[in-house]
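Beneath this line is the structure, given in structure tokens, with notes to follow.
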């Protein structure tokens, strides 16, 4: 039983690291712009398709394609922010919700029109490779994806802590008016923050491609997980999103084994509801942002 527990722990942490990366982009956008991006999953879906076509047309390995996907989605995110999100920054919340829900529907239908409803996945020479360490088995693709996700999260934290732009993003997340008085260009900073959030989501899609099928509505699944993780961790708390992702991965791993694989999603949604009822700010939520 001890071996099984450790194996479940390893599996849960590996999956949780990916969930954390998927969720941190959503958390960053909400924490800075105070906009809930309901098209979050569709950006992930588009990045998965981009990774798929880079592999099938140009033969670029999905993990190397992340180096292309990340800057492309940063630019894509800044364009979306400038043309759609920025005009709505001071609009009523319903307008913002309808705009991002509309984006979600547009992206889904474009994907359905261009690529139909077929399930697509990247098959590489290492797709089925397993690393065996003693009594434990670790999927190679899951391990690499976890390491890339961990590296991406670490770089983001270092960027926010040690660069002028990162500090401007954190300041803007804490107090918009004071940041403007200190000379921070809030609209440019909003644009950069949104672009980074979408770029991180694109990175997540690239490293998920060898593990999951891409199809037009795949973003719905990951959007739900991301919202659960962000609320569990505390809305605008990036560290909370990191731990929230790991917690959801562990719940999924242990719940799927000890209860039922068919009920693992239900388990963390029950926890999600309980968090909303008894601690609406999340496990690590507090007044400070980012």
*Give the residues of the stretch 116-164 that are under 22 Å from residue 53 (Cβ atoms) and not in a helix (DSSP H, G or I), sorted by residue number.*
116, 117, 118, 119, 120, 121, 122, 123, 124, 125, 126, 127
*Hey, among 221, 246, 208, 242, which residue is under 23 Å from residue 155 (Cβ atoms), surrounded by fewer than 23 Cβ atoms within 10 Å (Cβ to Cβ) and under 13 Å from the mean Cα position of the chain (by Cα)?*
246
*Spot the failing condition for residue 29; the list is (1) surrounded by fewer than 22 Cβ atoms within 10 Å (Cβ to Cβ); (2) modelled with pLDDT under 95; (3) within 15 Å of the chain's Cα centre (by Cα); (4) assigned to a helix (DSSP H, G or I), and only one is missed.*
(1)
_Which listed residue is out of contact with any strand residue (DSSP E or B) (no Cβ under 7 Å at 6 or more places or on another chain), in a helix (DSSP H, G or I), without any contact (Cβ under 8 Å) to a residue 40 or more places away in the chain and under 20 Å from residue 144 (Cβ atoms), from 64, 55, 70, 98_ = 64
*What pairs can you find where one residue is in the stretch 108-123 and in contact (Cβ under 8 Å) with a residue 40 or more places away in the chain and at positive phi, the other is assigned to a loop (DSSP other than H, G, I, E, B) and surrounded by 11 or more Cβ atoms within 10 Å (Cβ to Cβ), and their Cβ atoms are less than 8 Å apart, with a gap of 6+ or different chains?*
none
_For the list (1) in contact with a helix residue (DSSP H, G or I) (Cβ under 7 Å, 6 or more places away or on another chain); (2) surrounded by 19 or more Cβ atoms within 10 Å (Cβ to Cβ); (3) closer than 27 Å to residue 148 by Cβ, I need the number of the one condition that residue 85 fails._
(3)
*Any residue in the stretch 256-277 that is buried (at least 17 other Cβ atoms within 10 Å of the Cβ) and without any contact (Cβ under 8 Å) to a residue 12 or more places away in the chain?*
yes
*asked:* Can you find, within the stretch 32-42, the residue that is farthest from residue 206 (Cα to Cα) among those that are part of a loop (DSSP other than H, G, I, E, B) and touching a helix residue (DSSP H, G or I) at 6+ places or on another chain (Cβ under 7 Å)?
replied: 35
*Residue by residue through the stretch 116-135, note down the ones that are surrounded by 13 or more Cβ atoms within 10 Å (Cβ to Cβ) and over 19 Å from residue 211 (Cβ atoms).*
none
*asked:* With assigned to a helix (DSSP H, G or I), in contact (Cβ under 8 Å) with a residue 40 or more places away in the chain and touching a strand residue (DSSP E or B) at 6+ places or on another chain (Cβ under 8 Å) as the only criterion, which of 50, 45 stands out?
replied: 45
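Take residues that are modelled with pLDDT under 80 and closer than 17 Å to residue 16 by Cα and tell me which of the helices (runs of 4 or more DSSP H) falling wholly in the stretch 208-290 contain 3 or more.
Because the criterion is at least 3 residues that are modelled with pLDDT under 80 and closer than 17 Å to residue 16 by Cα, the helices (runs of 4 or more DSSP H) in the stretch 208-290 that meet it are 264-278.
Quick one: would you say residue 219 is more than 28 Å from residue 49 (Cβ to Cβ) and either in contact with a helix residue (DSSP H, G or I) (Cβ under 6 Å, 6 or more places away or on another chain) or free of Cβ contacts under 8 Å to residues at least 60 places away in the same chain (or both)?
On the way: more than 28 Å from residue 49 (Cβ to Cβ): no; either in contact with a helix residue (DSSP H, G or I) (Cβ under 6 Å, 6 or more places away or on another chain) or free of Cβ contacts under 8 Å to residues at least 60 places away in the same chain (or both): yes.
In short, no.
The values are calculated or read from the model by the stated rules, or taken from the named source; none is laboratory data. Note that the structure is predicted; figures quoted are calculated from it, not measured. Glycine also receives a Cβ, built like all others from the backbone with ideal geometry; neighbour counts cover every protein chain displayed.
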